[in-house]
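Visitor: My structure is below; once you've seen it, I'll send some questions.
The values are calculated or read from the model by the stated rules, or taken from the named source; none is laboratory data. None of these values were measured; they are calculated from a predicted model. Positions of Cβ are backbone-derived with ideal geometry, glycine not excepted, and every protein chain shown enters the neighbour counts. These area figures cover heavy atoms from the full protein model, side chains too; ligands, DNA and RNA do not enter into them. Shrake-Rupley method; radii C 1.70, N 1.55, O 1.52, S 1.80 Å.
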Amino acid sequence: MKVLAVTSEIYPLIKTGGLADVAGALPLALARQGVRVRSLVPGYPAVLGALEKARPLHEYEALHGGKARLLEARAGKLELFVIDAPHLYRRKGNPYVDEQGGDWKDNALRFGALAKVAAEIGSGLVPGYQPALVHAHDWQAGLTPAYLRGGPPTVITVHNLAFQGLFPSMLAEALDLPPEIRTMEGVEFHGRIGFLKAGLFFADAITTVSPTYAAEICTPEEGMGLDGLLRARARVLSGICNGIDTNVWSPRKDPHIAACFGVDELDLKAANKAALREKLGLEARPDVPIFGVISRLTEQKGIDLIASVLPDLVERGAQFALLGAGDQRLEARLREAASRYRGEVALFTGYDEALAHMIQAGSDALLMPSRFEPCGLTQLAALRYGTLPIVSRVGGLADTVIDANEAGLSAGVATGFQFTPVREAAFRRTLERALVLWQDKKSWRRLQQNAMRSRVGWGTAAKLYASLFRAVVKRVGDRSVTGARREASRDASAPKMRAAPLREIGKPSGSKISKP
Ligand code: ADP
């Protein structure tokens, strides 16, 4: 089965977050399930610079205001379509924001173009290439299902509902959105155009990156204004947990760590702990635990809770290895703790891949008290390294860590610690629980072994995506054969709306674009 993935980031070419990891890993894992993925990505400088065997497939006289080419290329094992549109994408640095940190003013057109080209490929733009399904990621690809009504089936995956791609409604014309879908039963979201909303409305199936997050986003508390729509579409909404690259995150062969180790060599963690202490200037006290943190420093990640509990834990003898960057106020709070407890609390601000590996290898436990967490990857790496995750029971954290409560311990399946609600008191109680268990070396060791044996690779996710894709193709295919209609909420309008845009999509989209 051929699948066209549509994504604004793809590891290792361009990455700002977990989306890139998923978009980069899933094609390789799906290949083993008989699904051949080709990914459409914007031609940022970092992408164009990494292409091998690039070949032009199509030229646009005017794609949202400038000349553009669609390229076919490879980058390592990734098979790509790339939009080479210098006026939209040839900008250095972060794909979404300018050097001052503000969104690029033309993001609607930049990512509208991504979706538009995706829809054209889905509708047969490239001779000899017809995907059975189009898989859109996040708001940047959100308009794809809207443009593709009536084309091949579409799935949209939400990596973080907090980012929705909202733009002024006056851009509808420039984005080639036909009038009949500029409504609530379409792309409109509270008077604006909602890219993610459009994707959630029109896609044949919606996935998000964990089953618990899938349930959470249907509630008013966590639904970020989209919960009503998500509840209406609950029948086609599901959650599939991400994996991590188990070649990159492998304690057996990690080039960044002092001593590689397997599940039966946990004593070697002591060497990694010593190396971490030395690297970060922590006192050499082998008899106390190290709590690691590797995180964007934001409220979402509960960094303020870590800052609040830290003094007491240091008083109790624990040490901290903190790595992260982000919110200035949170950074300042942690910096203050690091200077007050010099030798016991170490903070490294910035992004440092090698240090992230050292912290995973050298810590006893990893703290992740997130307020919400669509999936989370850091706790998966922690499990692999026998570093027990201490996490809030939300989103993907709830789905990937088994709490060391009595049931978990007596069944011999626990892999870490969970707390709820996401408040300081519950966090403290759970840290206390972890400190007590840490003293019991035998039990702690058993937890570490369970953790290291957890399946955190992409195998399971790839199987689930492959069967979902096949089910969607079957369902939507059956619908077109029998004339059965789209789901109840859209039955009346769907067939009528489907015919029109396809004819438009066959044309190069630039030809009738006017500037906003
Ligand atoms: P996010 O919400 O930031 O995507 P995830 O847990 O899903 O959180 O993924 C974070 C990824 O980024 C992990 O692989 C983690 O190791 C890495 N990471 C986060 N902050 C840093 C940092 N300061 N330095 C190095 N790696 C980091």
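Visitor: Take the alpha-carbon centre of region 159-232, take the same for region 1-61, and report the distance between them in whole Å.
Guide: Result: 24 Å between the Cα centres.
Visitor: Further, regarding this structure: For the chain, give the percent of accessible area contributed by carbon and sulfur heavy atoms, probe 1.4 Å, rounded to a whole number.
Guide: Result for the chain: 54 percent of the exposed heavy-atom area is carbon or sulfur.
Visitor: I need to check one value: relative contact order of the chain, counting alpha carbon pairs closer than 8 Å and at least 6 residues apart, in percent.
Guide: 15 percent
Visitor: Among DSSP beta bridges lying fully in region 20-171, give the percent that are antiparallel, nearest 5.
Guide: Given both bridge residues lie in region 20-171, the antiparallel proportion sits at roughly 65 percent.
Visitor: Now for a separate question. Any idea what angle helix 107-122 forms with the longest principal axis of the chain, computed on alpha-carbon atoms, 0 to 90 degrees, nearest 10?
Guide: Computed tilt is about 70 degrees.
Visitor: Please say if the chain is rounded, prolate or oblate, where rounded means a/c under 1.5 for a ≥ b ≥ c the square roots of the C-alpha gyration tensor eigenvalues, and otherwise the choice is prolate for a/b larger than b/c and oblate otherwise?
Guide: Prolate is the answer for the chain, as a/c is 1.5 or above and a/b outweighs b/c.
Visitor: Let me check against my output: what whole-number percent is the relative contact order of region 266-452, with C-alpha pairs under 8 Å and at least 6 apart?
Guide: Reported as a whole number, the value is 21 percent.
Visitor: Quick one: angle between helix 459-482 and the longest Cα principal axis of the chain, in degrees between 0 and 90, rounded to 10, please.
Guide: That helix lies at roughly 20 degrees to the long axis.
Visitor: Please report the relative contact order for region 105-243, taking Cα pairs under 8 Å with a sequence separation of at least 6, and give it as a percent rounded to a whole number.
Guide: 22 percent
Visitor: Now for a different question. Answer rounded, prolate or oblate for region 73-194, using the Cα gyration tensor with square roots of eigenvalues a ≥ b ≥ c: rounded when a/c is under 1.5, else prolate when a/b is larger than b/c, else oblate.
Guide: Since a/c reaches 1.5 but b/c is at least a/b, the shape of region 73-194 is classed as oblate.
Visitor: While we're looking at this one, here's another question. Cα centroids of region 75-126 and region 356-397: how far apart, whole angstrom?
Guide: Their Cα centres are 32 Å away from one another.
Visitor: Could you list the square roots of 5 times each eigenvalue of the Cα gyration tensor of region 330-483, that is, the equivalent ellipsoid semi-axes, sorted largest first and rounded to whole Å?
Guide: With the √(5λ) rule applied to region 330-483, the semi-axes are 35, 20, 16 Å.
Visitor: Can I ask one more? Please list, in chain and number order, the residues 5+ apart from residue 345 or on another chain whose amide H is under 5 Å from its amide H, with Hs placed from the backbone.
Guide: Correct list: 320.
Visitor: Just to verify a number: what accessible area does residue 358 come out at with the full protein assembly present, 1.4 Å probe, Å² rounded to tens?
Guide: Answer for residue 358: close to 40 Å² accessible.
Visitor: Sort all Cα-Cα distances of region 1-145 into consecutive 5 angstrom bins from zero, then give the percent of pairs in each bin up to the one containing the longest distance.
Guide: For region 1-145, the pair-distance distribution reads 2, 10, 21, 25, 23, 12, 5, 1, 0.
Visitor: Treat every Asp and Glu Cβ in region 56-172 as -1 and every Lys and Arg Cβ as +1, leave all other atoms uncharged, and give the resulting dipole magnitude about the Cα centre to the nearest 20 debye.
Guide: That gives region 56-172 a dipole magnitude of about 80 debye.
Visitor: Please calculate the 1.4 Å probe accessible area of residue 218, with all protein chains present, and give it to the nearest 10 Å².
Guide: That residue has around 20 Å² of solvent-accessible surface.
Visitor: Would you mind telling me the antiparallel percentage of the DSSP bridges in region 127-202, rounded to 5?
Guide: The antiparallel proportion sits near 55 percent.
Visitor: Order 264, 176 by their accessible area, 1.4 angstrom probe, all chains in place, largest first.
Guide: Reading off the accessible areas and sorting them downward yields 264, 176.
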